[in-house]
1. Can you tell me the dipole magnitude for the chain around its Cα centre, using point charges on the Cβ only (Lys, Arg +1; Asp, Glu -1), in Debye to the nearest 20?
2. Under the Karplus relation 6.51 cos²θ - 1.76 cosθ + 1.60, θ = phi - 60°, what is the ordered set of whole-Hz ³J(HN,Hα) values for region 61-69, x standing for Gly and Pro?
3. Within region 1-63, which trypsin sites (Lys or Arg not before Pro) sit in a loop by DSSP and count at most 11 neighbouring Cβ atoms inside 10 Å?
4. What lysines does residue 9 reach when the alpha-carbon gap must be under 17 Å and sequence neighbours fewer than 8 apart in one chain are set aside?
5. Taking 0.36 nm per residue of sequence separation and subtracting the Cα-Cα distance, how much length would be gained by fully extending the chain between residue 52 and residue 39, in nm to one decimal?
6. Tell me the GluC sites (Glu not before Pro) within the chain that lie in a loop according to DSSP and have at most 16 other beta-carbon atoms within 10 Å.
7. Compute the long axis of helix 22-44 from its Cα atoms, compare it with the longest principal axis of the Cα atoms of the chain, and write down the angle in degrees, 0 to 90, nearest 10.
8. Taking every pair of Cα atoms in region 10-60, average 1/r, invert it to obtain the Kirkwood radius, and report Rg/Rh to two decimals.
Amino acid sequence: MKRGSFLLKPANWPHLPAAPTPEDWEAAKACLHVYHESLRRRALALEPHDLQARAGEWSVWQTLSGVAAHDLYHAGQIQLLKKLTARV
């Protein structure tokens, strides 16, 4: 995957199908997996001193921590939605 590229366009708010199918859901999960694996590979290749380097406004460590917190937040939202839809 090319740095700075995103599989879905536009990257910030990609267009989604009006009535998603199971195939659309599988494709979305596959896209997420591609990005998580890419980030994981890059993070594992870092040396401890690399974590203090700047990545724009934040250090690499702060950026990785922010990504993890962001993903955990959304994972919590998904779990809540699963519980709520199970009651319907």
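Read-outs: derived from the displayed coordinates by stated rules, not from any lab. Not measured: the values here are computed from a predicted model. We place every Cβ from the backbone using ideal geometry, glycine too, and count neighbours over all the protein chains shown.
1. 100
2. After applying 6.51 cos²θ - 1.76 cosθ + 1.60, I find 4, 5, 5, 4, 5, x, 4, 4, 4 Hz.
3. In loop regions of region 1-63 (DSSP not H, G, I, E or B), the sparsely surrounded trypsin sites (Lys or Arg not before Pro) are 2, 3.
4. Residue 9 reaches 29.
5. Additional length available on full extension: 3.0 nm.
6. 57
7. That helix lies at roughly 10 degrees to the long axis.
8. With Rg and the Kirkwood Rh in hand, the quotient comes to 1.17.
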